[in-house]
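Asks: Pasting in a structure now, in structure tokens, and then I'll have a few things to ask.
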Amino acid sequence: MRRTAALVVFAWAAAAATTWVAYLAVGSEAVPIAVGLVLCLVFIVLLSLLHRAFWLAVLAAAPGLFVLVGAVQYAPEAALERRGVRESVVIVADSAAGTSGDNHRFTLRGTDGKELKEKLEYGGDTWAPKVGERLDVLRDPEGEVPMEQADEVDAAGRLGGLIGGTVTWTLMAVLAGRRGHVRRGRGIGMPGPG
């Protein structure tokens, strides 16, 4: 029972720690991703040891992804929602135009006719905006958080994913603890993968 409780506490602590690191390193995703990935992997290993079966650990990777993405993206999106300046812009240039690359850096012009210093970054070609399109963006006046399209900023959705993933981890830990306890009581050892 203590192992199960400790694993549940670890799950919530891992989600909170990743979110906290994302707040401290707002504007830089590499650090919270690295921290979150390590904590997610530790949870998965601990879950497999508690459960005494490999398959549940594999299943724990799915909610782990929700925890990781939610924790890393919640902080910057919450900052943009709280202090961001909404602006209507037109795309006037695309750094990926005429290349085979799909990492776009859009040059934007505001309603006053002046180009913005900050570029809007977009990865991928699917649904990529085109030169001449009008967008609403949220810009951080403090310059710490990269600009984003206003309709893609959803801090509540990121928080929901983070909490949902953590609650799923909690349920998995409780089930794993129960099954592990039963297996240990019957004297069944740790099985191999599968």
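Each reported figure results from applying straightforward, stated rules to the coordinates on display, with no laboratory input. Given the structure is predicted, the values throughout are model-derived calculations rather than measurements. Counting neighbours? That spans all protein chains shown, and the Cβs are built from the backbone with ideal geometry, glycine included.
Asks: I'd like to compare 60-68, 128-136, 146-154, 35-43: which one has the highest average count of other Cβ atoms within 10 Å, and what's the full order after that? Could you put the intermediate results ahead of the total?
Replies: Numbers: 60-68: 20.3, 128-136: 12.2, 146-154: 16.3, 35-43: 18.8.
Peptide ranking by packing, descending: 60-68, 35-43, 146-154, 128-136.
Asks: Which helices, taking whole DSSP H runs in the chain, have alpha carbons extending 20 angstrom or more along the helix axis plus mean Kyte-Doolittle at least 1.0? Mind showing how you got there, number by number?
Replies: Details: long enough: 2-24 (32 Å, 1.09); 30-51 (31 Å, 2.70); 61-83 (33 Å, 0.56); 155-185 (45 Å, 0.31).
Within the chain the helices that satisfy the rule are 2-24, 30-51.
Asks: What whole-number distance in Å separates the alpha-carbon centres of segment 30-44 and segment 67-90?
Replies: When both Cα centres are located, 21 Å separates them.
Asks: Which value in deg cm²/dmol, rounded to the nearest 500, describes the helix-derived mean residue ellipticity at 222 nm for the chain, given -39,500 (n - 2.57) per DSSP H run of n ≥ 4 and division by the residue count?
Replies: That calculation yields -19000 deg cm²/dmol at 222 nm.
Asks: Which whole-number percentage describes the relative contact order of the chain, with Cα contacts under 8 Å and a sequence gap of 6 or more? Please list the in-between numbers first.
Replies: On the way: 312 pairs, mean separation 56.6, N = 194.
Once divided by the residue count of the chain, the mean separation gives 29 percent.
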